[in-house]
Amino acid sequence: MDKVELEQRTKRFAVSIIRFVENLPKKKTSDVLGYQLLKSGTSVGANYREANRAQSRADFVHKIGIVEKEIAETQYWLELFEEVSHGNNVARTDLLKESGELLAIFIAIGRSTRANKPKPLIRKV
């Protein structure tokens, strides 16, 4: 999967998060947890897009780290919804699965980028 496909995938994930939150029952807990899920779930794609436009390798590594944190947080909120059986069961299960896959992808990207450090240039004097 190339970066354009992954950007599209994270955007689809954000849209699914939006739809899940919109369909939650109107309760205080749904409002609070839904807001947290909405913030983290939609920021995954935005931060990944920003990482792809990083100004340096170090900037990319830093921004991918933010993406990892956001998808892990999203997974946490989804797990809370799962624990209390809140929201559409099928949508919640699909989002949990996708968040797990995205987390694995971004962890792999972060690790491989950090491991493949460019060799320093050695100048001959």
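Expressed as an acute angle from 0 to 90° and rounded to the nearest 10, what is the orientation of the C-alpha long axis of helix 57-83 relative to the principal long axis of the chain?
The answer is roughly 20 degrees.
Mind pulling the angle between the C-alpha long axis of helix 28-51 and the longest principal axis of the chain? Nearest 10 degrees, somewhere in 0 to 90.
The angle comes out near 20 degrees.
Would you kindly calculate the translational diffusion coefficient of the range 1-55, applying Stokes-Einstein with the Kirkwood radius from alpha carbon pairs, for 10 °C and a viscosity of 1.306 mPa s, and quote it in µm² s⁻¹ without decimals?
So the translational diffusion coefficient is about 132 µm²/s.
Report the full-extension gain for the segment Asn23 to Arg53: residue separation times 0.36 nm, less the Cα-Cα distance, to one decimal in nm.
Working: separation 30, 0.36 × 30 = 10.80 nm, distance 3.35 nm.
Going from the current span to full extension adds 7.5 nm.
Using only Cα atoms and rounding to the nearest 10 degrees, what angle (0 to 90) does helix 3-22 make with the longest principal axis of the chain?
20
Select from Gln36, Gln55, Gln75 the residue whose mean-square fluctuation is largest in a Gaussian network model of the chain (Cα-Cα springs shorter than 10 Å).
In this elastic network of the chain, the residue with the biggest mean-square fluctuation among Gln36, Gln55, Gln75 is Gln55.
In whole Å, what is the distance between the alpha-carbon centres of the range 63-97 and the range 41-61?
Each part's Cα centre sits 20 Å from the other's.
Hey, got the dipole for the chain? About the Cα centre, +1 on K and R Cβ, -1 on D and E Cβ, debye to the nearest 20? List each step's numbers first, then the result.
On the way: 22 positive and 16 negative charges, 163 e Å.
Computed about the Cα centre, the dipole is about 780 debye.
Just the accessible area per residue of the chain, please: how many Å² with a 1.4 Å probe? Present the calculation step by step, with values, prior to reporting the outcome.
Values: 8180 Å² over 125 residues.
Here the residues of the chain average 65 Å² of exposed surface.
Give me the percent of accessible area attributable to carbon and sulfur for the chain, probe 1.4 angstrom. All intermediate terms of the calculation are to be shown ahead of the outcome.
Working: 4480 of 8180 Å².
Carbon plus sulfur share of accessible area: 55 percent.
Would you kindly find the accessible area of Lys11, with a 1.4 Å probe and non-protein molecules such as ligands, DNA and RNA excluded, rounding to the nearest 10 Å²?
Only protein atoms counted, so the area is about 120 Å².
Taking R0 as 41 Å, what's the FRET efficiency between Arg111 and Val15 from their Cβ-Cβ distance, rounded to 0.05? Could the numbers behind the result be given before it?
Values: r = 28 Å, r/R0 = 0.68.
My answer for the efficiency is 0.90.
Report the full-extension gain for the segment Lys97 to Ala72: residue separation times 0.36 nm, less the Cα-Cα distance, to one decimal in nm.
Full extension of this stretch gives 7.8 nm more.
Number of Lys pairs in the chain with C-alpha atoms less than 15 angstrom apart, excluding same-chain neighbours closer than eight positions? Intermediate values should be presented prior to the final figure.
Values: Lys3/Lys11; Lys3/Lys63; Lys11/Lys39; Lys39/Lys69.
Lysine pairs meeting the criterion: 4.
So between Lys39 and Glu79, what do we pick up on full extension, going 0.36 nm a residue minus the alpha carbon distance?
Numbers: separation 40, 0.36 × 40 = 14.40 nm, distance 1.56 nm.
Taking 0.36 nm per residue and subtracting the Cα distance, the gain is 12.8 nm.
Simple spin-label model, 7 Å along Cα-to-Cβ: Asp2 to Val32 in nm?
About 4.6 nm, to one decimal.
Would you please calculate the Kirkwood hydrodynamic radius of the chain over all C-alpha pairs and express it in Å, rounded to one decimal? Can you show the working numbers first?
Numbers: mean 1/r = 0.0645 Å⁻¹.
Mean inverse Cα-Cα distance, inverted, gives 15.5 Å.
The values are calculated or read from the model by the stated rules, or taken from the named source; none is laboratory data. Note that the structure is a prediction, hence the values are computed from the model and not measured. As a convention, Cβ positions derive from the backbone with ideal geometry for all residues, glycine included, and neighbour counts pool all protein chains shown. Note: areas computed on protein heavy atoms with side chains; ligands, DNA, RNA excluded. Shrake-Rupley method; radii C 1.70, N 1.55, O 1.52, S 1.80 Å.
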